[in-house]
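Beneath this line is the structure, given in structure tokens, with notes to follow.
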Amino acid sequence: MKITNHDLFLSITPDKHFLEAKDTIYFDGVCDFVELHLGNRCTIHKAYTKSGEVPFEAVHTHKFTTVYRFQPNHDSLTIEYEGLFDRFKGYGVCAIHKHCVELSGFGFFFPTIEKNSQLERFTYSLEVALPNSWRVVAPDDRDIQNIPEDERRFHFQNHKIEDILVCASPDYKRHHRKSLTMILPKLDPSVAKGMLKDFENSVDLCTETFGKLRSGMTTTGIVSPRGEGSQEWGYERGHLWVIGDLFLQYACANDWRFGGLKKSLALHETIHSWIGIGVKMPIYLAEAITQYCEVVLTQKIYQEAGLDRRYFAWYEERLLEKIKEKDFAPASLDVTDDHYAFWYLKGSLAFYDLEKRVGRKRLLLAFNDLYQNHHGTFLDESDVRTALEKSLDLPLKRFFDHWMHTPGYKPLH
Ligand SMILES: [Zn+2]
């Protein structure tokens, strides 16, 4: 069972941090029952189809979402719920502030069948009721420039899910450069310039490394407000990437260094336009390859002697520290688990290990092949393995079993 479309109406009351939603979900067939994930801060009041009310029950509660089971016996289902926003929790991002509304946290607004709401693919029509003084803009709204501002909010019909970012802000400005768009809050001009330059460098470097980005992928970045205590620093949805303003603040205060190491703010999420979104694959693998590429491309940008080695040494140290406490194989973890050390740190160290066997240049060329031959498709782990084996002319079953399906940390090379 798949969701094909949502008709979602949201009414938002910013001062009360409250939203009301009415969502009609269309499926690709008639179903006797369906299980949907919905953010834990939402409460469902009612579920119905054209033939009347539909019984539902909560069957499981995860860290961020609850799974509800419905019996629609119909190819569509409408649910009405209310929820709280303006707090940031985990990967289900939702920030609604006085000057910016960001509804990219589908986990909270779109009930999904996939546990990882980022993997859900459906079209939607979205209507948002906001206070009158608020303006709604899309990440790339050049196509609606001619529409009067107060009507723009109704022009978000049937976009692909990756498009969605609604942001209301008189303060935010779009900066265009080549095919890039950046949406930035009011920043010191030198900071804004630095962000744009960083983004441009990242896109140029990724193009050079993985090949030209295919059409249908626009490149948009936004600096977004985050609530207190936010953990996640950014994410990517194919058409745009987001980083939190707190990370930018931290970066500016520390000469763009994290753990003492120079870091691009745009690079990781930009790489995902090629790896993970450009070529879709299981998320642990997408993060492993992306994090590895982030380090080696960071080295190319800043060209500080030994920067890459220091990054991997730092990752190793943190991974070993984590393993003392708990130890998992990357592939065994879910997006709702505590996965950072295993997907990002161990994952990137896996490809650093492979680099020692085949060389950096060949490994990056293999990722270029991967994008060129498979962009726009989903590869499971064995497909990724087959593709890399072909490019590298090397059997990799042992490599994947060892790094992705076995706990512990033991480089092969
Ligand atoms: Zn990532």
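Throughout, read-outs are computed from the coordinates displayed, never taken from laboratory work. Since the model is a prediction, treat every value here as computed from it, not as a measurement. All Cβ positions, glycine included, derive from the backbone under ideal geometry; neighbour counts span all protein chains shown.
Could you tally the net charge around T336, taking each other residue with its Cβ under 11 Å from the Cβ of T336, Lys/Arg +1 and Asp/Glu -1?
On the way: positive: K63, K115; negative: D334, D337, D338.
With Lys, Arg at +1 and Asp, Glu at -1, the neighbours total -1.
Peptides 286-292, 303-309: what's the order by average Cβ count within 10 Å, highest mean first? Before the final figure, lay out the partial values.
Numbers: 286-292: 25.9, 303-309: 12.7.
Per-residue mean Cβ counts within 10 Å order the peptides as 286-292, 303-309.
Would you calculate the separation in nanometres between label points at E304 and R360, each defined as 7 Å from the Cα along the Cα-to-beta-carbon direction?
1.5 nm
What ranking, highest mean first, results for peptides 323-332, 270-279, 39-48 when packing means the other Cβ atoms within 10 Å averaged over each residue?
Details: 323-332: 15.1, 270-279: 25.0, 39-48: 17.6.
By packing density, highest mean first, the sequence is 270-279, 39-48, 323-332.
Over the stretch 180-404, what is the relative contact order in whole percent, taking alpha-carbon pairs under 8 Å and six or more residues apart?
Over the stretch 180-404, the number comes to 21 percent.
Exceeding 22 Å between C-alpha atoms, which entries from my cross-link table qualify? They are K2/K212; K322/K346; K63/K263; K22/K186; K186/K262. If you can, show how the numbers build up before the last one.
Values: K2/K212 32 Å; K322/K346 10 Å; K63/K263 30 Å; K22/K186 34 Å; K186/K262 24 Å.
Violating the 22 Å limit, Cα to Cα: K2/K212; K63/K263; K22/K186; K186/K262.
Of all trypsin sites (Lys or Arg not before Pro) in the stretch 1-35, which ones are in loop regions per DSSP and have a Cβ with at most 14 other Cβ atoms within 10 Å?
Numbers: sites: K2, K16, K22; in loops: K2.
Loop-located and lightly packed - K2.
Cα centroid distance between the stretch 380-402 and the stretch 1-59, in Å?
Taking the Cα centre of each part, the stretch 380-402 and the stretch 1-59 sit 41 Å apart.
Would you mind checking the stretch 300-323 for residues with the amide N under 16 Å from a putative spin-label position 7 Å along Cα→C-beta of D255?
Answer for the stretch 300-323: 302-307.
In nm, to one decimal, how far is the L320 label point from the Y26 one, both placed 7 Å along Cα→Cβ?
Here the modelled spin labels are 5.6 nm apart.
Quick one: if you stick a label point 7 Å off each Cα along the C-beta vector at D75 and M1, how many nm between them?
According to this spin-label approximation, the distance is 1.5 nm.
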